[in-house]
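Below is one structure, written out as structure tokens; comments come after it.
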Amino acid sequence: MASARRKPATVALDEQRVEVELQALRQRLVEEGAAKLSAIKPKALRERVVAVLAAEGFEATSTWLRKPLAAQLDAALAHGAVLPRKVLGAHLRGATAAELQRALEAAERAGRVRRVLRGKAESLAGSSATLLSAQQLGRLSASVSALNKALAQVTRKKGLGLLLGDVQQVLDDAVQLVRSASTPGAAQPHQPLSAAASTASEATGSNEAALRSTLEALGAVRDTDTGLSYVPDVVRRLSPVVPVAVARDMLLLAARRELVELRPEGGLGRLSAAELELCPPGPAGARLSWARLLVGAQS
């Protein structure tokens, strides 16, 4: 008589192995965001560690074990980062396109994500990003549109020009509007840019303190041979106490006060996307990645 088919014996799990696998997976999830379930073998071990990590707050899908998408999204947009929408999938691992869309919609409803336009691309910023209100956008559009119409008219008629003072006034009003947006509730008097800038930002005690911290950070990371400070290192040094956006503004303020000379990268495209976000903008959209303390700042 044929013997009965035996069921395979259940493999007993080594508790030490389970703990080692748990620690390794936790570290991987923190660093990489997700891990494929198929890579965790055998099945009994996979079921055990997934159950433990899911209870700790990690998310398990049919194919992935991942850091919660909301946490991945917050981390991707931390420290003032602004990411093009089309590259966000590279920062949030273990998600389908539909899951990613749902996570974005939930984050936007909760106010943790802001959609912004940079160039022609829709991008995403964190809740700390300062955006122009609908009213401010309308005022800015009217101001810039008036200048565009004037420019179009003078370029069509030979010998017709624009007064420098008129153009300067339009640009001053636009810059003043943008500056006032970063200081909610600030008065918006119609005055020249130099007076507006002094009133709205440079004269405030908090900005002066941030400016001093920025100059100190420049000196701390300065290369003794070249005298140059690498701007991303300066901003990272300030990040525990000064937001990235404020640090960039302080570097530009220091340059306007002739305390610092800001220089762009040499044009070789060596900066990463993350480093570019730490550098203030310069002429023609170039990022200013090097700074030199001038004599007035070192006295």
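The values are calculated or read from the model by the stated rules, or taken from the named source; none is laboratory data. Bear in mind that the values here come from a model prediction, so they are computed numbers and not experimental data. Backbone-built Cβ (ideal geometry, glycine too); neighbour counts: all protein chains shown.
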- Message: Being surrounded by 15 or more Cβ atoms within 10 Å (Cβ to Cβ) and either on the phi > 0 side of the Ramachandran plot or in a helix (DSSP H, G or I) (or both) is the filter here; which residues of the stretch 86-120 pass it?
- Response: L88, G94, E99, L100, A103, L104, A107
- Message: Checking the structure you have, find out if any residue of the stretch 85-107 is at pLDDT 90 or above and closer than 28 Å to R248 by Cα.
- Response: yes
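In the stretch 57-81, how many residues are of a type outside the set (A, V, I, L, M), touching a Leu at 6+ places or on another chain (Cβ under 9 Å) and not in a helix (DSSP H, G or I)? Break it down into steps so the answer makes sense when it comes.
Of all residues in the stretch 57-81, those of a type outside the set (A, V, I, L, M) come to 57-59, 61-64, 66-68, 72, 74, 79-80.
Narrowing further to those that are touching a Leu at 6+ places or on another chain (Cβ under 9 Å): 58-59, 61-64, 66-67, 72, 79-80.
Among the residues that remain, those that are also not in a helix (DSSP H, G or I) are: 58-59, 61-64, 66-67.
Number satisfying all stated conditions: 8.
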- Out of (1) surrounded by 13 or more Cβ atoms within 10 Å (Cβ to Cβ); (2) modelled with pLDDT under 80; (3) within 25 Å of the chain's Cα centre (by Cα), the odd one out for L218 is which? (2)
